1. Within region 1-48, take every residue that is of a type outside the set (A, V, I, L, M, F, W, C), under 30 Å from residue 79 (Cβ atoms) and in a strand (DSSP E or B) and give me the one that is farthest from the chain's Cα centre (by Cα).
2. Using the structure shown, decide if residue 64 is within 25 Å of residue 1 (Cβ to Cβ), surrounded by 15 or more Cβ atoms within 10 Å (Cβ to Cβ) and at pLDDT below 85.
3. Just a yes or no: is a residue in region 22-32 in contact (Cβ under 8 Å) with a residue 40 or more places away in the chain and in contact with a Lys or Arg (Cβ under 9 Å, 6 or more places away or on another chain)?
4. Identify the residue in region 1-44 that is among the charged types (D, E, K, R) and surrounded by 13 or more Cβ atoms within 10 Å (Cβ to Cβ) and, among all such residues, is farthest from residue 81 (Cα to Cα).
5. Could you grab me the full set of residues in region 49-79 that are in contact (Cβ under 8 Å) with a residue 24 or more places away in the chain, of a type in the set (A, V, I, L, M, F, W, C) and within 17 Å of residue 39 (Cα to Cα)?
6. Quick check on this structure: which one of 49, 59 is hydrophobic (A, V, I, L, M, F, W, C) and touching a Pro at 6+ places or on another chain (Cβ under 8 Å)?
Amino acid sequence: MKMNYVVLGTNDMQAGVAFYDALFRDTEIKKLHGEGRMTLWGDADFMFALAEPFDGNSACVENGSMIGFNLGSAEKVELIYPSHFKMRVQSS
């Protein structure tokens, strides 16, 4: 399993894009998309994005951020999903 992408929610797209443009400037990570509510940077192995939350509410810990994992196959997703669901139900 590897981390495939990270999306961070933002309440100030302009400031966030300026920060990450500067951070990634001298790396292999390049801006791939920069329109609307999302700006995306990436390279051959990783994607990173800033996004204004889809629901229009403020970005915060619970809103606007995502992490994607690449498990390699749908079968592996099916194997891991039930254990995650059980952990979530038990912790409630």
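The values are calculated or read from the model by the stated rules, or taken from the named source; none is laboratory data. All of these numbers come straight from a predicted model, not from anything done at the bench. Neighbour counts are summed over all protein chains in view; Cβ atoms, including those assigned to glycine, are modelled from backbone coordinates with ideal geometry.
1. Of all residues in region 1-48, those of a type outside the set (A, V, I, L, M, F, W, C) come to 2, 4-5, 9-12, 14, 16, 20-21, 25-28, 30-31, 33-37, 39, 42-43, 45.
From what is left, the residues that are under 30 Å from residue 79 (Cβ atoms) are 2, 4-5, 9, 42-43, 45.
If we keep only those that are in a strand (DSSP E or B) too, we end up with 2, 4-5, 9, 42.
Working: 2: 13, 4: 9, 5: 5, 9: 8, 42: 11 Å.
Within region 1-48, the match that is farthest from the chain's Cα centre (by Cα) is 2.
2. Spelling it out, residue 64 is indeed within 25 Å of residue 1 (Cβ to Cβ), surrounded by 15 or more Cβ atoms within 10 Å (Cβ to Cβ) and at pLDDT below 85.
3. Step one: of region 22-32, the residues in contact (Cβ under 8 Å) with a residue 40 or more places away in the chain are none.
No: region 22-32 contains no residue that is in contact (Cβ under 8 Å) with a residue 40 or more places away in the chain and in contact with a Lys or Arg (Cβ under 9 Å, 6 or more places away or on another chain).
4. 21
5. 49, 50, 51, 59, 66, 67
6. After applying the criteria, what remains is 59.
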